[in-house]
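A short write-up of the structure that comes next.
The values are calculated or read from the model by the stated rules, or taken from the named source; none is laboratory data. Since we're looking at a predicted model, the values are computed, not measured. Cβ placement follows ideal geometry from the backbone for every residue including glycine, while neighbour counts extend to all protein chains displayed.
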Amino acid sequence: MTSEEMIVRYGRLVSHEPTPEEIERAIMDAERRLRAEACRELARAAATWFAHAFRGRELEPAHADSTAKPAHPA
């Protein structure tokens with residue numbers, strides 16, 4: 001229900017109460033912030049994992065050639 005519909009049905013809105021649009025906007029903003037925070041944490045965790053996994057090793061770009069040998073055989 002929009003704030004206009006609420007005004008028509010219930011009369012004037014109380015000014016200190018948020019409208020449905022404001023509540024929806026606040027929820028969407030909170031979701032956006034949580035997603036951004038989760039992405040930052042995931043990137044931080046991935047960077048930490050890569051730092052530990054490849055500590056002291058030189059990384060080489062992968063070759064498109066299927067006969068290319070891996071940089072560090074397992």
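Some points to look at:
- Scanning segment 48-74 for residues that are at pLDDT 75 or above, of a type in the set (A, V, I, L, M, F, W, C) and loosely packed, with under 10 Cβ neighbours inside 10 Å returns Ala51, Ala53.
- In segment 13-42, the residues that are surrounded by 10 or more Cβ atoms within 10 Å (Cβ to Cβ) and in a helix (DSSP H, G or I) form Cβ pairs under 8 Å with partners that are at pLDDT below 95 and of a type in the set (A, V, I, L, M), at six or more places apart or across chains, as follows: Pro20/Met1; Pro20/Met6.
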